[in-house]
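Worksheet: one structure, shown below.
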Amino acid sequence: METVHSATPLLAMLASLIGAFLILFTGERNRNLREFWTLAAAVIKFGLIASMLPYILHGKIVEYTMVEIYKGLFLQFRVDTFGMIFALLASFLWIVVSLYSIGYMRDLNEHAQTRYFFCFALAIFGAVGVALAGNLLTLYMFYEILTVATFALVAHKETPEAIKAGRKYLAYLLTGAAFVLFSMAVTYYLTGTLDFKPGGFVAGHGSREILSLVFVTFMIGFGSKAAIMPIHEWLPSAMIAPTPVSALLHAVAVVKAGVFCCLRVILYVFGPKVLSDLGLWIPLAFVVSFTVIVANIIALTQDHLKRRLAFSTINNLSIIILGAALVSHDGIRGAMLHIPFHGFMKITLFMCAGAIYVKTHKEFISEMEGIGKQMPITMAAFTIGALGLTGIPPVCGFISKWYLCLGALEAKEIIFLLVFLASALLDAAYFLPIIYGAFFKKPKFVKDHFDEASFFVVFPIVITAIGSIFFGLFPDAFMHFFKLAVASAKNIMGMGV
Amino acid sequence: MIQEQFPALIVVTPLIMSFILFTVSWWNKRLCFPILLATLSACLVFAIGILDMVIKHGQPIHYHLGGWDPPWGIEYVIDHLNALVLVAVAVVAWLVALYAKSVVEKELHESKLPQFYTLFLLQVTGLFGITATGDMFNLYVLLEIASFSAYAIIAMGERGADFAAFRYVIFGTIGACAYLLGVGYLYILTGSLNMADLAQLIPKLFYNKALLVGFAFFLVGVGIKMGIFPLHTWLPDAYTLAPSAVSALLAPLFTKVGAYVIIRIMFTVFDPSFSIKLYPVMDILGWIAAIGIAFACIMALAQSDLKRMLCYLIVAEMGYIVIGIASANRLGLTGAILHIVNDMFMMACLFTVVGAIMYQTGTRNIYQFRYLHRTMPVTLGVFVVGALSVVGVPPMCGFFSKWYLILGTIEAKKWLLLFVLLASSLVNAILFFRVIENAYLEPRGEHAFAHDGGHPSISLDEVPWSMLISMLMIAAGIILLGIFSGVIIKHVIQFAVPASF
């Protein structure tokens, strides 16, 4: 594979870092300027990342080495097809969420907005860093930055409950990070490198037992961020955060970064071959299948809209990991496609929940009956997102789920095909009542005339909803998610099995 | 060339200037601070010059004091290891001196300022000397210079400092005696005091029991000075009650220089195989470090006084360095040496911040830090950098030394130590996020969406510029040391590790 040396990844990272500090220094004195920095940084960052897309599509790799740490160990960005998917997703949705945040925070007149936007920019800095990192050490660095930056966002409300949620978040994620650190050190000790390689690089190093142990600790570590059961507890608690943060947590940065890291480990550190030789994928697949089913059943019982969405996220994250764990061509494609597609759909849902909260201060589904009358645009977008997660064409969720199912068939694992299908069915079971209630029941607690949230809140929702359908119809348009996923799967499987 | 005189100048300059400073203060007290800063600037130049020479020549610099040839005369030997420590000490001392001016003027009575500045210089003299010397007895002398100035300067602190200082005197003197006894044993056995000479003579005496006793005396003596568990008992009181500027100087530097001495004695004076193959020194040190870190973490958790918490943290950090030594391999020792430098910056960062908070609010109680992020945003920003470094979040430097320490324990297959390293960073996270939570978050009622502020009366009220600049530079140092740790290792530390590893 050809390598292009370019400072573009670094510049893309600096855009949000500098943006973050400009936000901090501008502060409350000039709100419009501060928000301008957010948007400017977001747009520049997305532009820089998108500018690397042509290289990646031509099968090249963009590399930038910052500094050597130790023999064979660098702080290094290396942008490949998989990283590109996540980087494009995170940086594009940052623009959308920024717009939304501005509307949301101002409508609610939230406190500490400067800290909020600062930490938001830092969180995206971390997330995109995770995407662009060329090796585990660099990835870990941004992973930790992301964790710390998000802490302030989770605890943003500063109520005792929010502080508790923040502590819980840190407790889970920092413990996870310690596991990652251990696994990373052992991996480096065994192989002398931490550079990602499609198809993995640990093959032939270390004994079966050690590799199995390291894999398990890796999965516990990154799994804490990807909210695999039973280490998911922090995620529903973190719903206390402002809605744009939840949107960020779920759709863009935090948990997606967790899943991204899991996939990096599964596909680029261990690789399909080692995974199937050692039989490691079987326990992993069962754990995430368990998570899928149980999270869905719990979601059925939740009346708090954001909590229901949180459990839906837990379910979808595990689906992604399951797709990768099946070590089949289509499974990997489906998993990689589900990262951006789920991002678009889930962010729509969360932003809808936020819009409802901004306008009506309602958080419980039972209070939202008939809200379709008051907020038709929002609820239409919600419907699109919900149908997409259920896997109904032409929304993009269908495409990724289709490939995931094909992957299960390719791996000849009917039981996991059933898991995918059951999850789609359960998705329908907890989303459709919301939609039904919103449109077909008489409003009891909300107004029965048109009264939408402000432009800044509604506009991003419309964009992501349209995006969800658009990518369903043209999965390869604009950001070429489809091509990227296909190329990654080819690289991984080509070199692996 | 003048550059060749730097090893002597770096010790002699602050020594002489301390007397000049004291004399000048009778005439004009205002000149004290400029003299201090100028002297330390000169020392910084010397230190960097020495490091530059060492890197260029690639081998140790030998400087014979007074032209007397070793092993009879005193020799200063500077290799990669102590050149690095010299630079770190010089940088941190300079930054703390810059920071000290405003703080001491507020905390100490005006009449005590000249003594403070004089002792500051003497302290730095001692630290430079300990680091630069290649002679066991000369090291003792300089250790006592550093210690005695430390006793005096700590006693200037708040209520109870005199008692803490007295306790420190007792412990410190026991430590010094132990060290001196160790020197005596070696002198009786070999007839030499020169480190390089001893390194030649000692392997022949490896099975001599008296040598082992001497070695044990060294460990205990230096162990007391560096505040290693269980010999740390003097440390929390002394450093907590000392004036802010003093703890900001002593806490980062003295203990770490002690760690340097341990490494020097174990790996240069005594052959590494003495403590690896011959006696289970490394195992003992490993256990001590593990228990010490656990103990220090628990004690730190129990503190509500931020400064006292940090003092226990030093004990834990010394444990990390000992873990690196106990791993007895290249990676572990790299981590230990890197951690000496990193920890100097980390502790300087945290202790200067505590001093700044004291300066502005008069309290160190973590639970009284509310609204601090409004009044002192910059100080707290610096604190967060230091805290994250101790917790081990990259790209702060603390992570990188921990990374090598972890690799070292894996290579040595010391799983207990590995566990201690990982677990203690979690405890550190609890320690520091407790502070961050109290300082940044303002718990409020369930649905109280206060319009921005809520407490408009609380406004920006930062410490003076000199303190801010110093703290910001230390924070920047923490990040730069982290990002460029590879450069330091490549050019300096890899040569500082014994070749046999």
message: Need the list of lysines near A:Lys447 for cross-linking: C-alpha distance under 16 angstrom, and skip anything on the same chain fewer than eight residues off.
response: A:Lys359, A:Lys362, A:Lys373
- prompt: Would you list B:Lys225, A:Lys225 from fewest to most Cβ contacts within 10 Å?
  reply: B:Lys225, A:Lys225
query: What is the magnitude of the charge dipole of the stretch A:3-495 about its Cα centre, with +1 placed on the Cβ of each Lys and Arg, -1 on the Cβ of each Asp and Glu, and no other charges, expressed in debye to the nearest 20?
result: 240 debye
message: Spelling out what I want: for every residue of the stretch B:427-436, take phi, set θ = phi - 60°, compute 6.51 cos²θ - 1.76 cosθ + 1.60 (Karplus), and round to whole Hz; glycine and proline get x.
response: 4, 4, 4, 4, 3, 7, 6, 4, 5, 4
task: Calculate, for A:Leu421 and A:Phe21, the FRET efficiency according to 1/(1 + (r/R0)^6) with r their C-beta to C-beta distance and R0 60 Å; round to the nearest 0.05.
output: 0.80
statement: Per the rule of 0.36 nm per residue minus the C-alpha distance, extending A:Ala40 to A:Ile282 adds in nm 82.6 nm
field: In degrees, nearest ten, helix B:330-361 long axis to first principal axis of chain B (Cα)
entry: 40 degrees
task: Just report the Cα centroid separation between the stretch A:52-72 and the stretch B:169-199, whole Å.
output: 55 Å
query: If you bin every alpha carbon distance in the stretch B:206-323 into 5 Å steps from zero, what whole percent lands in each bin?
result: 2, 12, 21, 23, 17, 11, 7, 5, 2, 0
message: Students often forget the sequence filter, so: which lysines lie under 16 Å Cα-Cα from A:Lys168 once same-chain residues fewer than 8 apart are removed?
response: A:Lys157, A:Lys225
query: Can you give the Kirkwood hydrodynamic radius of chain B from its Cα pairs, in Å with one decimal?
result: 22.8 Å
- request: May I ask for the equivalent-ellipsoid semi-axes of the stretch A:116-261, computed as the square root of five times each C-alpha gyration tensor eigenvalue and listed largest first in whole Å?
  value: 29, 16, 11
- request: Take the stretch B:72-113, compute every pairwise Cα distance, and split them into 10 Å bins from 0; I just need the percent in each bin.
  value: 24, 28, 23, 20, 5
- line: Percent antiparallel among DSSP beta bridges confined to chain A, nearest 5, equals 75 percent
- request: With label points built 7 Å along Cα→Cβ from the Cα atoms of B:Leu205 and B:Asp461, find their separation and express it in nm.
  value: 6.2 nm
- prompt: Relative to the compact globular guide of 2.2 N^0.38 Å, what is the alpha carbon radius of gyration of chain A, as a ratio?
  reply: 0.90
query: Shape call for the stretch B:4-46 from the C-alpha gyration tensor, a ≥ b ≥ c root eigenvalues: rounded (a/c under 1.5), prolate (a/b greater than b/c) or oblate?
result: oblate
message: Two decimals, Cα atoms only, Kirkwood Rh: what is Rg/Rh over the stretch B:286-388?
response: 1.05
query: Using θ = phi - 60° and the Karplus curve 6.51 cos²θ - 1.76 cosθ + 1.60, what whole-Hz ³J(HN,Hα) does each residue of the stretch B:146-162 get, with Gly and Pro shown as x?
result: 4, 5, 5, 5, 5, 4, 5, 6, 6, 5, 6, x, 6, 3, x, 5, 4
- prompt: Quick one: if you take sqrt(5λ) for each eigenvalue of the C-alpha gyration tensor of the stretch A:1-71, what semi-axes come out, biggest first, whole angstrom?
  reply: 31, 16, 5
- prompt: What shape does the stretch A:294-374 have by the C-alpha gyration tensor, where a ≥ b ≥ c are the square roots of the eigenvalues, rounded means a/c under 1.5, and otherwise prolate means a/b greater than b/c and oblate the rest?
  reply: prolate
Helix-only mean residue ellipticity at 222 nm for the protein assembly as shown, each DSSP H run of n ≥ 4 adding -39500 (n - 2.57), per residue, nearest 500: -24500 deg cm²/dmol
message: Can you tell me the orientation of helix A:81-108 relative to chain A, as the angle in degrees between its alpha-carbon axis and the longest Cα principal axis, to the nearest 10?
response: 20 degrees
query: Using the Cβ atoms and a cut-off under 14 Å, what net charge is assigned to the surroundings of A:Ile321, where Lys and Arg are +1 and Asp and Glu are -1?
result: +3
field: Two-decimal ratio, the stretch B:48-134, of alpha-carbon radius of gyration to 2.2 N^0.38 Å
entry: 1.37
message: In whole Å, what are the extents of the stretch A:72-195 along the principal axes defined by its C-alpha atoms, from largest to smallest?
response: 52, 31, 17
- prompt: Tell me, what is the percent relative contact order of chain B, built from C-alpha pairs under 8 Å that lie six or more residues apart?
  reply: 15 percent
field: Ranking of A:His361, A:His342 by count of other Cβ atoms within 10 Å, fewest first
entry: A:His361, A:His342
- line: Dividing the mean separation of Cα pairs under 8 Å (6+ apart) by the residue count of the stretch B:342-405 yields a relative contact order in percent of 35 percent
field: Sparse-neighbourhood loop sites, chymotrypsin sites (Phe, Trp or Tyr not before Pro) in the stretch A:405-497 - DSSP loop, at most 15 other Cβ within 10 angstrom
entry: A:Phe445, A:Phe450, A:Phe478
statement: Simple spin-label estimate for A:Leu432/A:Leu14, 7 Å along Cα→Cβ, in nm, reads 5.4 nm
- prompt: For A:Thr193, B:Thr118, what ranking results if the residue with the fewest other Cβ atoms within 10 Å of its Cβ goes first?
  reply: A:Thr193, B:Thr118
message: Let me make sure I get this right: for the stretch B:100-180, a, b and c are the square roots of the gyration tensor eigenvalues over alpha carbons, sorted descending. Under 1.5 in a/c it's rounded, otherwise prolate if a/b > b/c, else oblate. Which is it?
response: oblate
field: Kirkwood hydrodynamic radius of the stretch A:161-220, from inverse mean 1/r over distinct Cα pairs, in Å
entry: 12.9 Å
query: In bins 5 Å wide, starting from 0, what share of all Cα pairs of the stretch B:1-153 does each bin hold, as a percent?
result: 2, 10, 19, 22, 19, 13, 9, 5, 2, 0
Column: log10 I(q)/I(0), Debye, Cα scatterers of the protein assembly as shown, q = 0.06 Å⁻¹: -0.47
task: Multiply the residue gap between B:Phe166 and B:Asp69 by 0.36 nm, knock off their C-alpha separation, and tell me the result in nm, one decimal place.
output: 31.0 nm
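Bear in mind that the values in this text are calculations on the coordinates, not laboratory data. Keep in mind that this is a model prediction, so the values were computed, not measured. Note that we place each Cβ from the backbone using ideal geometry, even for glycine, and neighbour counts take in every protein chain shown.
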